[in-house]
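Asker: Input: one structure, supplied below.
The values are calculated or read from the model by the stated rules, or taken from the named source; none is laboratory data. Given the structure is predicted, the values throughout are model-derived calculations rather than measurements. Neighbour counts are summed over all protein chains in view; Cβ atoms, including those assigned to glycine, are modelled from backbone coordinates with ideal geometry. Keep in mind that these areas ignore ligands, DNA and RNA; they rest on the heavy atoms of the full protein, side chains included. Shrake-Rupley method; radii C 1.70, N 1.55, O 1.52, S 1.80 Å.
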Amino acid sequence: MSSPYALPIARLIDELCKLPGVGPKTGQRLAFHLLHRRPEDARSLAQAILDATEQIGTCSVCQNLTDTDPCAICRDSARDGSVICVVEEPRDLAAMERTGEYRGRYHVLQGAISPMDGVGPEELRIRELLSRVQGGGVREVILATNTDVEGETTAMYLARVLKPFQVSVTRIARGLPVGGDLDYADQVTLARALEGRREV
Amino acid sequence: MGLYRTEAVVLRARELGETDRLLVLYTRSEGKVRAVAKGVRRPGSRLAGLEPFTLSELQLFQGRELDRVIQSQPRRGFRPLREDLGRLAAASYLAELVEGLTAERDPSPALFQTLVAGMALLAQGPDPLLALRFLELRLSALAGFQPVLDRCARCGGEAGPRPAFAPAEGGVVCAGCRPVSGAVSLAPGTLASLRFLAAAQPGRVEVLRLTAGANAEMARALVGWVSYHLERRPRSLDFLEALYLDAPRGLC
Ligand SMILES: [Zn+2]
Ligand SMILES: [Zn+2]
């Protein structure tokens, strides 16, 4: 079926539709939005996409996305290199940073173990974590993977493979979500919240 | 049907959009169902117990493509499945088996019961791997794939002194009927154990004590059996095997 649009428009819609969550309708809407903006806006967007995709790589130390290697956090001498916080994705690192509470370094696994999907430990950046710990100077590894089954699986697996090293392994506290009603919490969450209780 | 209420085990959960979760459930009244839990990841959501391997009482609304979870009340959390790596990997395999061996909206109350009993066995039993062997046999039988164990599946004669297990032949075969490839040799004791497991109540499974050799034979036979009927090797097996590889007991 031939497109009712001029070729450059059809091509733009086509490319936009390859983005996650963008269907043909949204693709058309975005394309016409772009066409109505000033040419320099379009050029700036195109340049931003090019810059990000060409300049962003993986930090050889922490495996986060970065435009320099090592990344800014790994180079920051004010941060405590003896503590490594392990997260699944770059966006989890960003969430951690937004708290402003953490002054150690990170390790980004780039995923979580999901046996049913065939995602095993080899698919993640676990070997890189182990060689960092093996390299010495690490006192504590904080497991900050998600609290869903994949995140728990990953945390338990990491705890197991980190056992032979002289390093303390901790798990972020899991409890009731803020605003969560006690009577609607499931038993596992409630039991853990009870265990993780602190003196007030 | 609109609104309905049933017990369900969550087999699998995927994040959907910003706050929703896509679930594959095995329900008592409807069998396998795909459902969405809207807003479940929002703090303060009243939908609880929608994590994998949880048994919950649900109220669902039947949709055209996906059902929707309206209310949920967790019944059993099977906590060790979330806290012991080996048990968790075993539960993943059980969930994958149930998902793979069943069709949507084809209810089997017996299969539901076996699933719940299986989760309990994997959570509390002393031998999760043996429990998996039992579950492979029972779940495939309930899904319509019951292996022939009492005689040679090919000629109908005695299994004989040197039996083998051949998925493509439908079960145990005698030495004369053994195919050139795709068969696992069974010691006579292993065949007896298979027959015991095929008929056992879940609570009786773990009276069985197997040698490492018998364990390995049984695992090869039954993993072969479910892989043959799923038309692929279950994905969860790699992780399970990696975990039990350095364990003292025979593996999967
Ligand atoms: Zn870095
Ligand atoms: Zn025969």
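Asker: Mind checking which residues of the range B:60-116 are over 19 Å from the mean Cα position of the chain (by Cα) and part of a helix (DSSP H, G or I)? Reasoning before the result, please.
Answerer: Taking the range B:60-116 and keeping what is over 19 Å from the mean Cα position of the chain (by Cα), we get B:60-75, B:83.
The answer is B:E83, and nothing else.
Asker: Any idea how many residues of the range A:114-137 are in contact (Cβ under 8 Å) with a residue 12 or more places away in the chain, of a type outside the set (K, R) and part of a helix (DSSP H, G or I)?
Answerer: Counting residues in the range A:114-137 that are in contact (Cβ under 8 Å) with a residue 12 or more places away in the chain, of a type outside the set (K, R) and part of a helix (DSSP H, G or I) gives 9.
Asker: Provide a single number: the residues in the range B:32-47 that are crowded, with 19+ Cβ neighbours inside 10 Å and within 12 Å of another protein chain (Cβ to nearest Cβ).
Answerer: Total satisfying the criteria: 3.
Asker: Still on this structure: Return a yes/no flag: does the range A:33-43 have any residue that is open to solvent by 60 Å² or more (accessible area, probe 1.4 Å) and in contact (Cβ under 8 Å) with a residue 12 or more places away in the chain.
Answerer: Within the range A:33-43, the first condition is being open to solvent by 60 Å² or more (accessible area, probe 1.4 Å), and the residues that meet it are A:33, A:35-40, A:43.
The next check asks that each one be in contact (Cβ under 8 Å) with a residue 12 or more places away in the chain; those that pass are A:35.
Yes, the range A:33-43 contains at least one residue that is open to solvent by 60 Å² or more (accessible area, probe 1.4 Å) and in contact (Cβ under 8 Å) with a residue 12 or more places away in the chain.
Asker: Hey, could you check the range B:50-85 for residues that are in contact (Cβ under 8 Å) with a residue 60 or more places away in the chain and farther than 20 Å from B:T114 by Cα and say which is farthest from the other protein chains (Cβ to nearest Cβ)? Can you show your working first?
Answerer: Restricting attention to the range B:50-85, the residues satisfying the condition of being in contact (Cβ under 8 Å) with a residue 60 or more places away in the chain are B:53, B:55, B:62, B:70, B:75, B:85.
If we keep only those that are farther than 20 Å from B:T114 by Cα too, we end up with B:62, B:70, B:85.
On the way: B:Q62: 24, B:I70: 14, B:L85: 4 Å.
The qualifying residue farthest from the other protein chains (Cβ to nearest Cβ) is B:Q62.
Asker: Can you tell me which residues in the range A:57-74 are more than 9 Å from ligand 1 (Cβ to nearest atom) and open to solvent by 80 Å² or more (accessible area, probe 1.4 Å)?
Answerer: Within the range A:57-74, A:L65, A:D67 meet the criteria.
Residues checked against (1) under 14 Å from A:V83 (Cα atoms); (2) in contact with a Cys (Cβ under 9 Å, 6 or more places away or on another chain); (3) of a type in the set (D, E, K, R):
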{"residue": "A:D117", "(1), (2), (3)": "no, no, yes"}
{"residue": "A:P121", "(1), (2), (3)": "no, no, no"}
{"residue": "A:G135", "(1), (2), (3)": "yes, no, no"}
{"residue": "A:R139", "(1), (2), (3)": "yes, no, yes"}
{"residue": "A:E150", "(1), (2), (3)": "no, no, yes"}
{"residue": "A:M156", "(1), (2), (3)": "no, no, no"}
{"residue": "A:V161", "(1), (2), (3)": "no, no, no"}
{"residue": "A:P164", "(1), (2), (3)": "no, no, no"}
{"residue": "A:A173", "(1), (2), (3)": "no, no, no"}
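Asker: Consider A:D51 carefully, then state whether it is touching a residue at least 12 places away in the same chain (Cβ under 8 Å) and either outside any strand (DSSP E or B) or within 14 Å of ligand 1 (Cβ to nearest atom) (or both). I'd like the intermediate steps shown before the answer.
Answerer: On the way: touching a residue at least 12 places away in the same chain (Cβ under 8 Å): no; either outside any strand (DSSP E or B) or within 14 Å of ligand 1 (Cβ to nearest atom) (or both): yes.
So A:D51 does not fit the description; no.
Asker: Free of Cβ contacts under 8 Å to residues at least 12 places away in the same chain and within 14 Å of another protein chain (Cβ to nearest Cβ), is that true of A:E88?
Answerer: Numbers: free of Cβ contacts under 8 Å to residues at least 12 places away in the same chain: no; within 14 Å of another protein chain (Cβ to nearest Cβ): yes.
Against the criterion (free of Cβ contacts under 8 Å to residues at least 12 places away in the same chain and within 14 Å of another protein chain (Cβ to nearest Cβ)), A:E88 does not qualify.
Asker: What residue, of B:L50, B:L23, is closer than 29 Å to A:P20 by Cβ, in a loop (DSSP other than H, G, I, E, B) and open to solvent by less than 10 Å² (accessible area, probe 1.4 Å)?
Answerer: Details: B:L23 fails: in a loop (DSSP other than H, G, I, E, B).
B:L50 is the lone residue from the list that is closer than 29 Å to A:P20 by Cβ, in a loop (DSSP other than H, G, I, E, B) and open to solvent by less than 10 Å² (accessible area, probe 1.4 Å).
Asker: If you scan the range B:177-189, which residues turn out to be part of a helix (DSSP H, G or I) and at pLDDT below 95? Let's see the steps before the verdict.
Answerer: First, the residues of the range B:177-189 that are part of a helix (DSSP H, G or I): B:177, B:188-189.
Result: B:P188, B:G189.
Asker: Residues of the range A:107-132 being away from chain B (no Cβ under 14 Å) and open to solvent by less than 10 Å² (accessible area, probe 1.4 Å), which ones?
Answerer: Listed by number, the residues that qualify are A:H107, A:V108, A:L109, A:L129.
Asker: Which condition breaks for A:R103 when tested against (1) closer than 30 Å to B:L50 by Cβ; (2) open to solvent by 10 Å² or more (accessible area, probe 1.4 Å)?
Answerer: Status for A:R103: all satisfied but (1).
Asker: Hey, another quick one. Go through (1) assigned to a loop (DSSP other than H, G, I, E, B); (2) under 16 Å from A:A159 (Cβ atoms); (3) open to solvent by less than 50 Å² (accessible area, probe 1.4 Å) one by one and return the number of the condition A:T147 breaks.
Answerer: Failing condition for A:T147: (3).
Asker: Also: Can you find, within the range B:159-184, the residue that is nearest to ligand 2 (Cβ to nearest atom) among those that are within 24 Å of the chain's Cα centre (by Cα) and open to solvent by 40 Å² or more (accessible area, probe 1.4 Å)? It would help to see each step written out before you state the result.
Answerer: Taking the range B:159-184 first, the residues within 24 Å of the chain's Cα centre (by Cα) are B:164-172, B:182-184.
From what's left, open to solvent by 40 Å² or more (accessible area, probe 1.4 Å): B:168-169, B:182.
On the way: B:A168: 14, B:E169: 9, B:G182: 15 Å.
Top of the filtered list is B:E169.
Asker: Which one is nearest to ligand 1 (Cβ to nearest atom) among residues in the range A:97-107 that are part of a helix (DSSP H, G or I) and not polar (S, T, N, Q)? Steps first, please.
Answerer: Keep residues of the range A:97-107 that are part of a helix (DSSP H, G or I), which gives A:97-99.
This time we only want the ones that are not polar (S, T, N, Q), so: A:97-98.
On the way: A:E97: 12, A:R98: 18 Å.
That would be A:E97.
Asker: Among the residues of the range A:81-96, are any acidic (D, E), in a loop (DSSP other than H, G, I, E, B), surrounded by fewer than 17 Cβ atoms within 10 Å (Cβ to Cβ) and away from ligand 2 (no atom under 16 Å from the Cβ)? It would help to see each step written out before you state the result.
Answerer: We begin by selecting, within the range A:81-96, every residue acidic (D, E); these are A:88-89, A:92.
So of that shortlist, the ones also in a loop (DSSP other than H, G, I, E, B) come out as A:88-89.
In the following step, the residues that additionally are surrounded by fewer than 17 Cβ atoms within 10 Å (Cβ to Cβ) were identified as none.
Scanning the range A:81-96 turns up no residue that is acidic (D, E), in a loop (DSSP other than H, G, I, E, B), surrounded by fewer than 17 Cβ atoms within 10 Å (Cβ to Cβ) and away from ligand 2 (no atom under 16 Å from the Cβ).
Asker: Give B:A199, B:A183, B:A166 a once-over and let me know the one that is within 25 Å of B:L121 (Cβ to Cβ) and not polar (S, T, N, Q). It would help to see each step written out before you state the result.
Answerer: Values: B:A183 fails: within 25 Å of B:L121 (Cβ to Cβ); B:A166 fails: within 25 Å of B:L121 (Cβ to Cβ).
The unique qualifying residue is B:A199.
Asker: Still on this structure, please answer the following. Does B:S29 qualify as being open to solvent by less than 30 Å² (accessible area, probe 1.4 Å) and either among the β-branched types (V, I, T) or more than 8 Å from chain A (Cβ to nearest Cβ) (or both)?
Answerer: Values: open to solvent by less than 30 Å² (accessible area, probe 1.4 Å): no; either among the β-branched types (V, I, T) or more than 8 Å from chain A (Cβ to nearest Cβ) (or both): yes.
Criteria not met by B:S29.
Asker: When you scan the range B:106-129, do you find a residue that is open to solvent by 40 Å² or more (accessible area, probe 1.4 Å) and either free of Cβ contacts under 8 Å to residues at least 40 places away in the same chain or under 19 Å from B:D238 (Cβ atoms) (or both), even just one?
Answerer: Checked the range B:106-129: at least one residue is open to solvent by 40 Å² or more (accessible area, probe 1.4 Å) and either free of Cβ contacts under 8 Å to residues at least 40 places away in the same chain or under 19 Å from B:D238 (Cβ atoms) (or both).
Asker: Of the residues that make up the range B:212-235, is at least one open to solvent by less than 20 Å² (accessible area, probe 1.4 Å), within 14 Å of another protein chain (Cβ to nearest Cβ) and either touching a Phe, Trp or Tyr at 6+ places or on another chain (Cβ under 8 Å) or away from ligand 1 (no atom under 16 Å from the Cβ) (or both)? Walk me through how you get there before you give the answer.
Answerer: Filtering the range B:212-235 down to residues open to solvent by less than 20 Å² (accessible area, probe 1.4 Å) leaves B:214-215, B:218-219, B:221-223, B:225-226, B:234.
Filter once more, so that each one left must be within 14 Å of another protein chain (Cβ to nearest Cβ): B:234.
Next cut, either touching a Phe, Trp or Tyr at 6+ places or on another chain (Cβ under 8 Å) or away from ligand 1 (no atom under 16 Å from the Cβ) (or both) only: B:234.
The answer is yes, given that some residue of the range B:212-235 is open to solvent by less than 20 Å² (accessible area, probe 1.4 Å), within 14 Å of another protein chain (Cβ to nearest Cβ) and either touching a Phe, Trp or Tyr at 6+ places or on another chain (Cβ under 8 Å) or away from ligand 1 (no atom under 16 Å from the Cβ) (or both).
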